[in-house]
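The values are calculated or read from the model by the stated rules, or taken from the named source; none is laboratory data. Remember, predicted model here, so these are calculated numbers, not experimental data. Here the Cβ positions follow ideal geometry from the backbone for every residue, glycine too, while neighbour counts run over all protein chains shown.
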Amino acid sequence: MKRIVKPELLDELPPHDPRAVRSRRDLRRVNAWMRNHVIMAGALKRNLNGLVPEQITELGAGDGSFLLRVAQRLAAFGVPPSGGSDRLKPGFQTEPGRTILLDRQNIVSAETLAAFEKSGWHAEAVVADVFDWPPAPAQVVIANLFLHHFEDARLAGLLRTISGRAKLFIAVEPHRFRYSMLCGQLLWLIGCSAVTRHDAALSVRAGFIRQEISALWPEGKDWHLTERRAGLFSHLFVARRIS
């Protein structure tokens, strides 16, 4: 099935539109159902050898709830970024970690920022377009259900920018399969709205299979790329700098 990218309704709604608010709430439920936060936290743990990075930047972070769940999951592994834990091993950082929530809209609540602090992370919401990303080094960059919004040429440009900033990049995306429309419509079973069901079908159709993201990553011998299906509905891409 050919990859097709079309605009999603949520991207075109004002951030405080009731339909947008409900759809973002739906997405938290969908992420939990897909276990994307578990996939992401596991990939971070494996590729960082159990160490916690000083900084994680999420592209298209939305309301910040996804990265919050990932940070809480990392803490559950026994490797929180803040000091004072007798579970920290030699070589682990002992200062609070920093999370950058990058998005075009500022919809991160004070409650979410406080929850990061409680989990041992300092969170900062940065309003910017990923193609006008502030030029600062980023140790670890992640994306969740974000890359599929871009057609190949534009996505290749974004990946080139990421490769110049990050030591590790991990993305969890929809896995593309034939029954995308059916998958989207079945989301009513977990209470998702018409906007979410519509966008889910488009997301799957714009998702990835095999090595499609790897093929768009800039050529170079300094990177180790991994790309595969993860779980029932997700697609995992990992680019780790090896030099």
Taking segment 221-234 and keeping residues surrounded by fewer than 16 Cβ atoms within 10 Å (Cβ to Cβ), at pLDDT 90 or above and more than 11 Å from E173 (Cα to Cα) leaves H224, L225, T226
Filtered residue count, segment 190-220, keeping only those that are modelled with pLDDT of 85 or more and not in a helix (DSSP H, G or I):
10
For V141, indicate whether it is within 23 Å of I242 (Cβ to Cβ) and touching a residue at least 24 places away in the same chain (Cβ under 8 Å).
yes
Per the filter on segment 8-39, residues basic (K, R) and touching a residue at least 24 places away in the same chain (Cβ under 8 Å) are R19, R22, R24, R28, R29, R35
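So that you can scan it fast, the table gives a plain yes or no per residue for (1) assigned to a helix (DSSP H, G or I); (2) in contact with a Pro (Cβ under 6 Å, 6 or more places away or on another chain); (3) modelled with pLDDT under 90:
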| site | (1), (2), (3) |
| --- | --- |
| K2 | no, no, yes |
| L10 | yes, no, yes |
| P15 | no, no, yes |
| A43 | yes, no, no |
| A61 | no, no, no |
| V79 | no, no, yes |
| S85 | no, no, yes |
| G91 | no, no, yes |
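Across segment 157-184, which residue is modelled with the lowest pLDDT among those that are within 20 Å of G231 (Cα to Cα) and surrounded by fewer than 16 Cβ atoms within 10 Å (Cβ to Cβ)? Even if it seems obvious, please write down each step before you answer.
If we filter segment 157-184 for residues that are within 20 Å of G231 (Cα to Cα), which is where we start, we get 169-184.
Cutting the leftovers down to surrounded by fewer than 16 Cβ atoms within 10 Å (Cβ to Cβ) gives us 178-179, 181-182.
Working: R178: 71, Y179: 62, M181: 56, L182: 63.
Per the stated criteria, the residue is M181.
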